[in-house]
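The values are calculated or read from the model by the stated rules, or taken from the named source; none is laboratory data. These numbers come from a predicted model, not from an experiment. Counting neighbours? That spans all protein chains shown, and the Cβs are built from the backbone with ideal geometry, glycine included. The protein model used for the area step is the full one, side chains on, heavy atoms only, and it has no ligands, DNA or RNA in it. Shrake-Rupley method; radii C 1.70, N 1.55, O 1.52, S 1.80 Å.
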Amino acid sequence: QAQLVESGGGLVQPGGSLRLSCVASGRTFSTMGWFRQAPGKDREFVAAIKSIGGTKYYTDSVKGRFTISRDNAKNTLFLQMNSLNSEDTAVYYCAARGNSIITSYIREESAYDHWGQGTQVTVSS
């Protein structure tokens, strides 16, 4: 069975950095991405990357601060998070889709058919 396992979360001070990892097993995926859910809020799209061409997509609030990447040889997804602030505090989930994805749906959680358990990111002084 396909599986996604996130790691790298933790407590960091405002302005600091964290790097999240998501190791996929069982199969490869056409598109992988990150979603997050802050306390009392709905889950929201953060970033995604396609396997073919490596096109990247970001939500506006993280552009210029976060960088999504993937190592296809290791079947691993990364999210480098810099200049973190309190609004970034959330549980971050790795998501993946096996089949090809329609670009207009890439920001929709319903487009992804595999999900990790989540890793907590807390930004606080």
Provide Trp115, Trp34 ordered by accessible surface of protein heavy atoms (probe 1.4 Å), highest first.
Trp115, Trp34
So with the 1.4 Å probe, I'd like the accessible area per residue for the chain, rounded to whole Å².
52
Given bins 5 angstrom wide, list per bin the percent of all Cα-Cα distances in segment 11-84, short to long.
3, 15, 24, 24, 19, 9, 5, 0
What nm value, rounded to one decimal, do you get for the distance between Thr122 and Gln1 when each label is placed 7 Å out toward the C-beta?
3.0
Placing one identical point scatterer on every Cα of segment 59-107 and ignoring solvent, what is log10 I(q)/I(0) from the Debye formula at q = 0.16 Å⁻¹?
-0.62
At a Cα cut-off below 23 Å, give the lysines reachable from Lys41, other chains included and same-chain residues fewer than 8 away excluded.
Lys63
Cross-link reach from Lys74 to lysines, straight Cα distance under 20 Å and at least 8 residues apart if same chain, gives Lys50, Lys56
Given labels modelled 7 Å from the Cα in the Cβ direction, how far is it in nm from Glu109 to Asp71?
2.9
Cα→Cβ-extended label distance, 7 Å offset, between Arg43 and Ser25, nm
2.1
Please compute the alpha carbon radius of gyration of the chain, then divide it by the globular-protein estimate 2.2 N^0.38 Å. Two decimals is fine.
0.98
Rounded to a whole %, the carbon-and-sulfur portion of the accessible area of segment 1-107 at a 1.4 Å probe is 46
At 1.4 Å probe size, put Lys41, Lys50 in order of accessible surface, largest to smallest.
Lys41, Lys50
Hey, if we sort Tyr112, Tyr105, Tyr58 by accessible area with the 1.4 Å probe, largest down, what's the order?
Tyr105, Tyr58, Tyr112
